[in-house]
1. Considering segment 1-27 alone, what residues qualify as being surrounded by fewer than 20 Cβ atoms within 10 Å (Cβ to Cβ), among the hydrophobic types (A, V, I, L, M, F, W, C) and within 21 Å of K201 (Cα to Cα)?
2. Which residues, counting only those in segment 90-109, are in contact with a strand residue (DSSP E or B) (Cβ under 9 Å, 6 or more places away or on another chain) and not in a strand (DSSP E or B)?
3. Condition test on R34, is it basic (K, R) and more than 7 Å from the ligand (Cβ to nearest atom)?
4. Residue under question is V115, and the condition is that it be more than 19 Å from E13 (Cα to Cα), away from the ligand (no atom under 13 Å from the Cβ), in a strand (DSSP E or B) and not acidic (D, E); does it hold?
5. Among the residues of segment 13-57, write down those that are in a loop (DSSP other than H, G, I, E, B), under 16 Å from L135 (Cα atoms) and in contact with a Leu (Cβ under 8 Å, 6 or more places away or on another chain).
6. R161: among the charged types (D, E, K, R), under 16 Å from the mean Cα position of the chain (by Cα) and outside any helix (DSSP H, G or I), yes or no?
7. Would you be able to tell me the number of residues in segment 176-213 that are among the charged types (D, E, K, R), surrounded by 13 or more Cβ atoms within 10 Å (Cβ to Cβ) and within 21 Å of E13 (Cβ to Cβ)?
8. Determine which single condition L128 fails, assuming it passes every other condition in (1) within 23 Å of L70 (Cβ to Cβ); (2) part of a loop (DSSP other than H, G, I, E, B); (3) without any contact (Cβ under 8 Å) to a residue 24 or more places away in the chain.
Amino acid sequence: MTRGKFITLEGIEGAGKSTVALAIADTLRARGLRVRLTREPGGTPLAERLRQLVLERGEESLSAEAETLLMFAARAIHLDNLVRPALERGEWVICDRFTDATRAYQGGGRGVDAVLIEQLALSVHLGLEPDLTLLLDVPVTIGLNRARSRRQSNGEVVTDRFESETVQFFERVSKSYLEIARREPQRCRVIDASADPDTVKSAALVALQGLPG
Ligand code: Z5A
């Protein structure tokens, strides 16, 4: 059986990853492919419990290193229980965020040592890398405004540990994402996500056509 493709979506908050992920999944399913749409941190019941722990604003402090370890713990569970089995069954896995998010948020945003992040990635990925990463690039103010409007329309009043971060934090994250894309042009496609949703979805589908194999 041919292994399925592993596609990851990245970008700052409000870039439109979930919107594009759904559109890609619908298009691939319409072509007769079997698709798993998933997310990080989370994706399986146990990893979703870790997601809740890492996103909620609790009373105890959570260091950037502890946050990084929790992201990789959730990732290891997700890869073992969902991603690898699905790929081995020939399914396409569309994942809303993966290790580039750790590189950008914990590395770029919080200053965690890149060597530590790459060591953890090596141990947890066990050789698995995305076939394609779509980086939805949007100016920070646009992304944050979209996310804020969505929260307001959903009636959400509590922000999580990332949503309450500063504009400067998201600028560092965004810069770090672009550096990853520059370093790995074979794997990463940068998409202008400031355009309207249909234009962004079309650009993502064009990027998919260039996928090898
Ligand atoms: N995190 C981390 O730090 N380290 C890690 O390793 C991982 C994650 C894996 C949760 O992620 C947090 O975890 C995240 C980083 C951290 N925190 N932050 N920031 P998440 O992916 O679940 O949360 P999110 O980034 O906050 O998701 P989001 O706000 O839902 O963003 P999105 O999925 O990119 O956007 P969307 O839901 O598709 O769209 C947002 C709104 O904009 C919505 O109302 C849409 O209808 C609208 N939208 C979408 N596209 C457009 C366009 N093109 N034009 C206009 N409006 C649009």
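1. Within segment 1-27, L22, A23, A25 meet the criteria.
2. Those that are in contact with a strand residue (DSSP E or B) (Cβ under 9 Å, 6 or more places away or on another chain) and not in a strand (DSSP E or B): E91, R97, F98, T99, D100, A101, A104.
3. yes
4. no
5. Step one: filter segment 13-57 for residues in a loop (DSSP other than H, G, I, E, B), giving 13-16, 31-34, 40-44, 56-57.
Restricting the remaining residues to those that are under 16 Å from L135 (Cα atoms) gives 13-16, 40.
Of everything in segment 13-57, those that are in a loop (DSSP other than H, G, I, E, B), under 16 Å from L135 (Cα atoms) and in contact with a Leu (Cβ under 8 Å, 6 or more places away or on another chain) turn out to be E13, G14, A15, G16.
6. no
7. Number of matching residues: 3.
8. Here L128 meets the rest and fails (3).
The values are calculated or read from the model by the stated rules, or taken from the named source; none is laboratory data. Just so it is clear, the structure is predicted and the values come from calculations on it, not from any experiment. Glycine gets a Cβ as well: all are built from the backbone with ideal geometry, and neighbour counts include every protein chain shown.
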